[in-house]
1. Which condition breaks for Thr317 when tested against (1) farther than 18 Å from Val422 by Cα; (2) within 16 Å of ligand 2 (Cβ to nearest atom); (3) surrounded by 17 or more Cβ atoms within 10 Å (Cβ to Cβ)?
2. Go through the stretch 196-208 and count every residue that is in contact with a helix residue (DSSP H, G or I) (Cβ under 7 Å, 6 or more places away or on another chain) and buried (at least 22 other Cβ atoms within 10 Å of the Cβ).
3. Which residues, taken from the stretch 404-425, are free of Cβ contacts under 8 Å to residues at least 40 places away in the same chain and in a loop (DSSP other than H, G, I, E, B)?
4. Mind listing whichever residues of the stretch 126-157 are touching a residue at least 60 places away in the same chain (Cβ under 8 Å), among the hydrophobic types (A, V, I, L, M, F, W, C) and within 12 Å of ligand 1 (Cβ to nearest atom)?
5. When both residues are 6+ apart or on different chains and their Cβ atoms are under 9 Å apart, which pairs have a first residue that lies in the stretch 203-215 and is within 20 Å of Glu269 (Cα to Cα), and a second that is small (Gly, Ala, Ser) and more than 10 Å from ligand 2 (Cβ to nearest atom)?
6. How do the pairs read when you match residues in the stretch 162-179 that are in contact (Cβ under 8 Å) with a residue 12 or more places away in the chain with residues anywhere that are of a type in the set (Lys, Arg) and near ligand 1 (Cβ under 8 Å from one of its atoms), using Cβ under 7 Å and keeping only pairs 6 or more apart or on different chains?
7. Look through the stretch 267-292, keep the residues that are buried (at least 20 other Cβ atoms within 10 Å of the Cβ) and part of a loop (DSSP other than H, G, I, E, B), and return whichever of them is nearest to ligand 1 (Cβ to nearest atom).
8. Mind checking which residues of the stretch 8-29 are more than 8 Å from ligand 1 (Cβ to nearest atom), crowded, with 21+ Cβ neighbours inside 10 Å and among the polar types (S, T, N, Q)?
Amino acid sequence: MSVHLVNPSDNSFGTAVITPRWLFVLAAATPQAAGDPILVDESLEQIVPETIMPGDIVGISVHTGNALRGYEVGRMARQRGAWVVYGGIHATLFPEETFERGEAHAVVKGDGDIAWGKVVTDCLAGEPGTIYEGGRIEGSEFLAARWDLMPRNRYMWASVQTVRGCPKHCSFCSVWRTDGQRPRQRSSDAVIEEVVQLRRLGFRFIALADDNFYPVTLTDLELAQKQNNNERLNELKAIRAERFELMERLAKLPKDTILFTQITMEAGEDPEFLRAMRAAHIQGVLVGVEAVTPEGLKDVYKDFNFAGASLAERLRTFRQHGIYVLGSFIFGLPSDRPQTFEATAALAEQADLAFAQFVMLTPYPGTVDFARWEKTMEGDTTRIGGVPLTRVWLIPRAVRPQLYWNHPAMSADEIRSRTQGVWDRFYSLRSIWKRAKFIPSIKGRLAFVLISKLYRRMYADTGIATDSARLAWSARRARWLAKSCRRLFAGQPMPGLRVPPRVSNLI
Ligand code: B12
Ligand code: SF4
C-alpha cells in the first residue's frame with residue numbers, strides 16, 4: 001500500500017517556479033505506518049495512472065483553478081481501486097462537489113496538518129469517514145514541510161509559511177473567510193529551522209507563502225490606543241513583536257539569501273518595518289494594488305490602499321528601502337473604463353515596480369464578489385456542457401469563458417484584449433530593459449530579462465490567451481525558459497549552516 005499526494009495541473013512545464021507547500025506539509029502529516037508518500041506535482045509532470053494500485057490512498061489538493069483536473073485524477077484513482085481523498089481551499093468551500101464530480105471517498109475541510117493523519121489511519125483500517133473537519137489550527141500546530149522528499153532540481157523557489165489568515169476583507173478574496181481574519185503566526189524557531197534546512201539543500205530563494213506578512217498596521221495600533229482598548233493594543237503589540245523577532249533572526253542568514261512575500265501597501269508607511277524586512281533579506285513583495293482610482297478601490301473594499309499620485313509614491317517607498325515590488329492589478333472592476341488600462345500601465349511604470357501582473361476580475365468562490373454575482377445569476381439559464389456559469393470551473397478549459405459577469409461599459413472581449421495590451425506593454429523588451437537598469441551587471445540584467453519573459457509566458461499567456469495555438473506555443477516556450485531560469489536561482493548547498501539562535505539567547 002502506498003500513499004500518493006497529487007497536485008493537479010493541466011500545464012506541466014518540467015520545472016516549476018514555487019514548491020506547492022501543501023504537498024510537503026501533508027507528506028509530514030502522513031503517519032509513519034503508511035511509509036513515505038509518493039509526491040506528484042503535475043505542474044512538473046502528469047501522474048502515471050499505472051503507479052496507483054488497489055488499496056492505495058490518493059490525496060488530491062484542489063483550488064478552484066485546478067478542480068476539474070483534480071476530479072479527473074480522482075476518478076482515475078478510484079477506478080484503479082484506490083481510496084480517494086480531497087482537500088485544499090476549493091474542497092473546503094465545495095466539499096459535496098468532490099463526491100459528485102471527483103468520486104471522493106472522503107474530504108478534508110480546512111487545515112490538513114492534523115486531519116490527514118486521521119484520514120490515512122481510517123483508510124488503512126478500511127473505514128474512512130466522509131467529511132473531516134480540519135478547522136483552523138493554531139500557528140504552533142502547523143507542521144514543517146518534508147523537504148527531504150522534494151526533487152531538488154525541479155523548483156526555482158521553495159516556500160515556507162510564517163502566518164496564515166488576514167485581518168482585511170477584500171471583496172475578491174476568500175482568504176479572510178477560509179483562513180480567518182485572526183493572524184495565526186508560527187514561532188520564529190519553526191520558520192527559521194525550515195529556512196535553514198532549505199539553505200542546506202541549496203535553495204537561496206524562498207517564498208514566504210503568507211496571506212499577509214504585515215498583519216498589524218500602525219493604524220490598527222493607533223485605533224486601539226484611541227479607543228483605550230488595552231487588551232486589543234497588547235494583543236496587536238505582541239503580534240508585531242513576534243514579526244520583528246522573526247525578522248531579526250532571518251537577518252542572520254547568509255547574505256545571499258533572498259526572500260519574497262505578500263503584503264499590503266500599508267507597510268509602506270512603516271519605515272521601521274521596511275528596514276527590518278530588508279535586513280531580513282525580504283527583497284521582494286507582492287503588493288495587491290488592485291486599482292489606481294478611488295472608485296476602483298471602493299469596488300473591492302480596499303480603500304486602505306492609496307490611489308493616484310500618492311499611490312506611485314507609496315509603492316516607491318518599498319524600492320527606496322531596497323524591496324522590489326510585484327504589483328498586482330485587477331481589470332474589469334465596475335468602475336473601470338477604457339482609459340483605466342492606460343492609466344494603470346502608466347502608473348505601473350511610474351511606481352518603480354520590478355514586476356507586475358494584470359488579472360481580470362474573477363469572482364472566486366467564497367468571496368463577497370462571488371456571493372453577489374451568484375445572486376444576480378439566479379435566473380440565468382445559460383449552460384455550457386450542461387454546467388451553469390456560476391460553476392464555471394467545471395466547464396472544460398477549451399470552452400470555458402474568461403470573464404463571467406456583465407460589465408457596465410465594456411464587453412468581455414474588450415476587457416481581455418485591453419488587459420493583454422497592458423501585459424504586452426509592461427513586458428516589451430524595451431520596457432524590461434529599462435527596468436533592468438537597477439541591476440549593476442549586464443549578466444544580472446540579462447537574467448532579469450529572462451525571468452520577466454518567463455513570468456509573462458507562464459502567467460499571462462496561459463491565463464488570458466484564448467487562442468489555442470498561442471497557448472501551446474507559450475507552454476513550449478515557458479518549458480524552455482523555465483529550465484534556463486532554474487539555474488539562475490540555484491544556490492550552493494550549505495550542509496553545515498547553523499540555525500541562528502533567538503536574540504534573547506544571545507544576551
Ligand atoms: C503562496 C500562494 C501562491 C504562490 C505560490 C503557489 C504555489 N505554487 O504554491 C503564487 C504567488 C505563485 C500563487 C499563485 C496563484 N494563486 Co495563490 N496563493 C498562495 C497562498 C497565499 C498560500 C498558499 C500556501 O502555500 N499555503 C500554505 C499551505 C500549507 O496551505 P494550503 O495550501 O492551504 O494547504 C493546507 C490546507 O488547505 C489543506 N490541504 C491542502 N491540500 C490538501 C489536500 C489534501 C488531500 C488534504 C487532506 C488537505 C489539503 O492542508 C494544508 C495544510 O494545512 C494562498 C492563500 C491561502 N491562504 O491558501 C493563495 C491562493 C491559494 N491563491 C489563489 C489564487 C487565485 C492564485 C492564482 C490563481 C492567482 C492568479 N490570479 O493568477 C495563482 C494560481 C497559481 C497556480 N496555478 O496554482 C487563491 C485561490 C482561490 C481559490 N478559490 O482557488 C488563494 C486562496 C488566495 C486568494 N486570494 O484567495 N499563489
Ligand atoms: S486580498 Fe490580501 S489584503 Fe485582501 S483579504 Fe485577501 S489576503 Fe488580505
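1. (2)
2. Going through the stretch 196-208 one residue at a time, the tally reaches 3.
3. Asn406, Ser411
4. Start the filter on the stretch 126-157 by keeping residues that are touching a residue at least 60 places away in the same chain (Cβ under 8 Å), which leaves 142-147, 149-151, 153-157.
Of the ones still in play, those that are also among the hydrophobic types (A, V, I, L, M, F, W, C) are 142-145, 147, 149-150, 156-157.
Phe142, Leu143, Ala144, Ala145, Met156, Trp157 - these are the residues of the stretch 126-157 that are touching a residue at least 60 places away in the same chain (Cβ under 8 Å), among the hydrophobic types (A, V, I, L, M, F, W, C) and within 12 Å of ligand 1 (Cβ to nearest atom).
5. Matching pairs, first to second residue: Phe213/Ala267; Tyr214/Ala267.
6. Between residues of the stretch 162-179 that are in contact (Cβ under 8 Å) with a residue 12 or more places away in the chain and residues that are of a type in the set (Lys, Arg) and near ligand 1 (Cβ under 8 Å from one of its atoms), the close pairs are Asp179/Arg164.
7. Ala291
8. Thr15
The values are calculated or read from the model by the stated rules, or taken from the named source; none is laboratory data. Keep in mind the model is a prediction, meaning the values are calculated, not measured. Positions of Cβ are backbone-derived with ideal geometry, glycine not excepted, and every protein chain shown enters the neighbour counts.
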